[in-house]
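The values are calculated or read from the model by the stated rules, or taken from the named source; none is laboratory data. What you see is a predicted model, and the numbers here were worked out from it, not measured in a lab. With ideal geometry, Cβ positions are generated from the backbone for all residues, glycine too; neighbour counts draw on all protein chains shown.
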Amino acid sequence: MTDSVNQPRTLFQKIWDNHVVHAAEGRQTILYIDLQLVHEVTSAQAFEGLRLAGRVVRRPERTVATADHNVPTTDRSLPILDVISKRQIDTLRDNCNDFGIQYYDLNDPRQGIVHVIGPELGYTQPGMTIVCGDSHTSTHGAFGALAFGIGTSEVEHVLATQTLLQDKPKTLELRVDGQMRPGVSAKDLVLYLIGKITTDGGTGYCVEYTGEAIRELTMENRMTVCNMSIEAGARAGMIAPDEKTFDYLRGRPEVPEDFDAAVERWRQLPTDEGAVYDSSLTFLAARIAPQVTWGTNPGLVASVDATVPKPMDYADPTEQKTAASALEYMGLKGGERITDLKLDRVFIGSCTNARIEDLRAAAEIAKGRKVSDDVSAMVVPGSGQVKKQAESEGLDHVFREAGFDWREAGCSMCLAMNPDKLSPGERCASTSNRNFEGRQGKGGRTHLVSPAMAAAAAVAGHFVDIRQWS
Amino acid sequence: MKCFTKHTGLVAAMDRANVDTDQIIPKQFLKRIERTGFGEFLFWDWARLDDGSPNPDFELNQPGVKDASVLLARRNFGCGSSREHAPWALEDYGFRVIVAPSFADIFYNNCFKNGMLAVRLPEDIVEQLFGRAEKYPGYELTADLNNCTVGDSHDFSTTFEVDSFRRDCLLNGLDDIGQTLEHEDKITSYEGTH
Ligand code: SF4
């Protein structure tokens with residue numbers, strides 16, 4: 001234990017201190033990892049590495065796996081047609097069998113996007129260190145956990161040692177004061193923040209989101225915010241646990257047996273009065289409007305009632321160049337009104353926005369309306385359990401009747417590794433987290449928005465300001 | 001792990017900021033379960049035209065840089081997805097050194113795990129190097145990890161910073177897991193008390 005234990009500490013500092021296995025001057029810290037989540041795309045080479053070195057998984061019970069990135073979202077009873085995808089998924093199943101790891105297979109009703117099922121099953125808990133070979137592991141920070149994405153070599157390191165070598169990140173507080181206006185969602189909030197601090201503004205930092213607007217968010221909304229921390233370059237994003245966190249977790253299958261005792265421990269985690277962050281920025285919730293990205297990284301974003309910027313709006317020559325090439329890729333000139341942008345596709349899904357509250361928000365808009373004739377729209381629930389819940393509430397009917405495609409759980413068109421993808425030139429309103437070139441299909445043009453904004457865009461055929469929707 | 005001490009190589013300049021790992025290695029190649037063979041897919045969507053032929057405008061398809069092993073890039077290189085396939089592809093293609101004003105955290109880490117040196121230099125120096133790469137045909141840079149210097153044969157030399165642990169591991173090609181397991185007793189005792 002270090003001296004700092006007696007000083008006021010941040011949430012991050014407490015979790016860090018609590019997981020140091022070995023720290024020495026000039027070395028990276030050996031940090032204990034409580035939970036590793038594993039999926040098919042970034043794990044095969046790690047298991048192979050273990051085998052080649054004759055090593056085993058140190059703590060299989062601290063490791064949980066599912067297949068999500070590469071899975072078809074159509075009828076699961078049919079075989080997977082893509083043989084290479086199938087081989088990757090089969091490899092994960094075999095590796096989990098061989099090394100004694102809990103695996104949620106495609107036919108398991110609990111299967112889903114790894115960042116959706118971790119919290120849903122209660123694996124994700126406050127105070128934990130959580131890693132996964134996936135950058136959106138930051139999602140789990142919504143529970144007051146230190147959660148971050150790692151590379152495949154590190155996946156192997158954690159499998160073999162249950163620890164990770166880490167440089168201690170700096171801390172950045174992003175405080176959002178006041179209340180958000182009606183029609184403005186957690187997705188808008190986080191896109192707004194990324195727009196302000198830019199796509200690398202968080203590099204080297206662990207972000208803690210604080211302030212009234214953050215405390216007001218539901219757990220699912222907090223996950224949306226933390227999920228996108230990586231889009232600002234942050235190593236991790238976190239929110240202090242509170243009664244909402246404990247209420248969300250109570251009764252879930254994988255939570256500690258003595259839940260009340262755990263809650264008592266978790267109550268010690270929030271940042272102490274007087275603790276200092278390496279850097280702090282404050283924003284006003286009331287300033288935030290619904291957001292739509294117009295470029296090819298999530299920081300290139302505008303309010304729905306604004307126009308697409310022009311390269312000359314930027315002072316810095318590199319930024320001008322970035323804007324110019326983003327506009328070119330997106331088939332825009334700059335100066336267009338966001339609400340004039342016409343859409344071909346709408347995707348509601350991903351680990352950012354495919355939980356039940358997201359689907360409810362979208363269904364509320366879709367109810368009794370029809371998807372525009374010019375648009376093809378799909379809804380992909382984040383997990384089997386989200387899908388079941390939505391169906392029990394009749395949301396699938398709402399979507400189907402409106403003309404949305406209703407799919408099985410998976411990552412789907414968030415990264416288009418499976419057959420769900422955009423064709424070149426197609427413009428898509430997407431609730432996912434990345435608008436990189438080709439992310440949703442080569443030549444596809446992605447605009448990131450909230451679930452309600454995506455649903456409204458599907459109906460209207462172009463972006464609409466959800467605040468004026470009636 | 002592969003070691004790295006000193007490398008001199010032809011420079012390829014990529015004058016774009018925020019190059020993300022989705023571009024470095026697009027998702028359609030992530031289905032493979034091997035660690036090697038990703039080089040031919042490097043920057044696939046940028047490097048090829050729709051008919052699959054090489055895109056003559058793409059930086060790495062320029063005649064002078066075919067054998068480049070040093071990549072000069074702009075800030076926030078390697079942002080986005082954590083896929084280690086990105087450094088695997090760069091390394092397999094032949095790159096040993098990447099120079100940029102800044103790198104995304106996970107990508108930076110992934111480079112070192114694969115024997116590639118990622119060098120952070122101030123923005124104005126990188127700007128200078130872009131100028132030199134354009135000015136001198138066949139422009140080469142030398143990166144020396146022992147002395148933490150980058151230089152060319154036209155009187156340019158600068159130092160760079162890298163933390164001593166990463167430097168040590170890369171210089172000696174040390175296996176991270178093996179190193180950590182030297183502290184296995186500490187892991188065990190941690191597990192006993194937590
Ligand atoms: S939904 Fe998208 S961002 Fe999330 S884990 Fe899947 S591919 Fe990654």
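Condition check for A:Lys370 on (1) buried (at least 24 other Cβ atoms within 10 Å of the Cβ); (2) modelled with pLDDT of 95 or more; (3) assigned to a loop (DSSP other than H, G, I, E, B): one failure, at (1). Filter the range A:433-456 down to the residues that are closer than 18 Å to A:Glu328 by Cβ and either part of a loop (DSSP other than H, G, I, E, B) or within 13 Å of the ligand (Cβ to nearest atom) (or both) and list them by number. Those that are closer than 18 Å to A:Glu328 by Cβ and either part of a loop (DSSP other than H, G, I, E, B) or within 13 Å of the ligand (Cβ to nearest atom) (or both): A:Asn435, A:Phe436, A:Glu437, A:Gly438, A:Arg439, A:Gln440, A:Gly441, A:Lys442, A:Gly443, A:Gly444, A:Thr446.
Screening A:Lys168, A:Lys86 for residues that are out of contact with any Gly (no Cβ under 6 Å at 6 or more places or on another chain), within 26 Å of A:His19 (Cβ to Cβ) and of a type in the set (Lys, Arg) leaves exactly one candidate, A:Lys168.
Considering only residues in the range B:80-130 that are part of a loop (DSSP other than H, G, I, E, B) and facing chain A (nearest Cβ under 8 Å), the one that is nearest to the ligand (Cβ to nearest atom) turns out to be B:Ser81. Of the residues that make up the range A:407-415, is at least one buried (at least 21 other Cβ atoms within 10 Å of the Cβ), polar (S, T, N, Q), within 14 Å of the ligand (Cβ to nearest atom) and away from every other protein chain (no Cβ under 14 Å)? No - not one qualifying residue is present in the range A:407-415. Counting only residues that are assigned to a loop (DSSP other than H, G, I, E, B) and either buried (at least 23 other Cβ atoms within 10 Å of the Cβ) or aliphatic (A, V, I, L, M) (or both), the range A:300-318 holds 5 of them. For the range A:97-116, the set of residues classified as crowded, with 21+ Cβ neighbours inside 10 Å and more than 14 Å from chain B (Cβ to nearest Cβ) consists of A:Ile101, A:Tyr104, A:Gln111, A:Gly112, A:Ile113, A:Val116, listed by residue number. Quickly run through the range A:48-76 and pick out the residues that are in contact with a Phe, Trp or Tyr (Cβ under 7 Å, 6 or more places away or on another chain) and buried (at least 21 other Cβ atoms within 10 Å of the Cβ). Across the range A:48-76, the qualifying residues are A:Val57, A:Val64, A:Ala65, A:Thr66.
Annotation for the range A:93-111: no member residue is within 15 Å of the ligand (Cβ to nearest atom), under 14 Å from the mean Cα position of the chain (by Cα), within 17 Å of A:Arg62 (Cβ to Cβ) and hydroxyl-bearing (Ser, Thr, Tyr). Taking helices (runs of 4 or more DSSP H) as the structural unit, those lying wholly within the range A:160-268 and holding at least 1 residues that are within 14 Å of chain B (Cβ to nearest Cβ) and among the hydrophobic types (A, V, I, L, M, F, W, C) correspond to A:186-197, A:259-266.
Number of residues in the range B:148-167 that are under 17 Å from B:Arg96 (Cα atoms) and not hydroxyl-bearing (Ser, Thr, Tyr): the value is 8. Would you say A:Pro119 is away from the ligand (no atom under 16 Å from the Cβ) and either more than 14 Å from every other protein chain (Cβ to nearest Cβ) or under 12 Å from A:Leu37 (Cα atoms) (or both)? Judged against the criteria, A:Pro119 is not a match. Out of contact with any Phe, Trp or Tyr (no Cβ under 7 Å at 6 or more places or on another chain), within 22 Å of B:Arg74 (Cβ to Cβ), in a helix (DSSP H, G or I) and of a type in the set (Phe, Trp, Tyr) - does that describe any residue in the range B:149-163? Looking through the range B:149-163, none of the residues is out of contact with any Phe, Trp or Tyr (no Cβ under 7 Å at 6 or more places or on another chain), within 22 Å of B:Arg74 (Cβ to Cβ), in a helix (DSSP H, G or I) and of a type in the set (Phe, Trp, Tyr).
Being surrounded by fewer than 17 Cβ atoms within 10 Å (Cβ to Cβ), over 26 Å from A:Asn435 (Cβ atoms), of a type in the set (S, T, N, Q) and away from chain A (no Cβ under 11 Å) is a description that applies to B:Thr8. Count of the range B:164-194 residues, restricted to those that are within 24 Å of the chain's Cα centre (by Cα), within 7 Å of chain A (Cβ to nearest Cβ) and of a type in the set (D, E, K, R), is 1. Among the residues of the range B:65-79, those identified as within 10 Å of chain A (Cβ to nearest Cβ) and of a type in the set (D, E, K, R) are B:Arg74, B:Arg75. Count of the range A:319-343 residues, restricted to those that are crowded, with 18+ Cβ neighbours inside 10 Å and part of a loop (DSSP other than H, G, I, E, B), is 3. Whenever a residue of the range A:410-422 is polar (S, T, N, Q), its partners that are within 9 Å of the ligand (Cβ to nearest atom) and not in a loop (DSSP other than H, G, I, E, B), lying with C-beta atoms within less than 8 angstrom and at least six residues away or across chains, give the pairs A:Asn418/A:Ser412. Within the range A:416-432, if we keep just the residues that are within 23 Å of the chain's Cα centre (by Cα) and of a type outside the set (A, V, I, L, M, F, W, C), the residue that is nearest to the ligand (Cβ to nearest atom) turns out to be A:Ser432. Could you tell me whether A:Pro79 is surrounded by fewer than 24 Cβ atoms within 10 Å (Cβ to Cβ) and touching a residue at least 60 places away in the same chain (Cβ under 8 Å)? For A:Pro79, the condition - surrounded by fewer than 24 Cβ atoms within 10 Å (Cβ to Cβ) and touching a residue at least 60 places away in the same chain (Cβ under 8 Å) - is not met. No other residue among A:Glu328, A:Glu364 is free of Cβ contacts under 8 Å to residues at least 40 places away in the same chain and of a type in the set (D, E, K, R) apart from A:Glu328. If you go through the range A:210-230 and pick out every residue that is within 16 Å of the ligand (Cβ to nearest atom) and either over 17 Å from A:Ala285 (Cα atoms) or touching a His at 6+ places or on another chain (Cβ under 7 Å) (or both), you end up with 6. Among the residues of the range A:135-146, those identified as within 16 Å of the ligand (Cβ to nearest atom) and either over 10 Å from the mean Cα position of the chain (by Cα) or away from chain B (no Cβ under 14 Å) (or both) are A:His140, A:Gly141, A:Ala142. Restricting the first member to the range A:292-304 and to residues that are under 14 Å from A:Phe463 (Cα atoms), and the second to residues that are part of a loop (DSSP other than H, G, I, E, B) and of a type in the set (Asp, Glu), the beta-carbon pairs closer than 7 Å and six or more apart or on different chains are A:Val304/A:Asp465. Total residues in the range A:424-443 satisfying the condition of being out of contact with any helix residue (DSSP H, G or I) (no Cβ under 6 Å at 6 or more places or on another chain) and over 21 Å from B:Phe43 (Cβ atoms): the figure is 4. Restricting the range A:334-370 to residues that are farther than 22 Å from A:Leu415 by Cβ and in contact with a Lys or Arg (Cβ under 8 Å, 6 or more places away or on another chain) leaves a set whose member that is nearest to the ligand (Cβ to nearest atom) is A:Leu341. Taken together, A:Val131, A:Val155 contain a single residue that is part of a strand (DSSP E or B), on the phi < 0 side of the Ramachandran plot and within 12 Å of another protein chain (Cβ to nearest Cβ), which is A:Val131.
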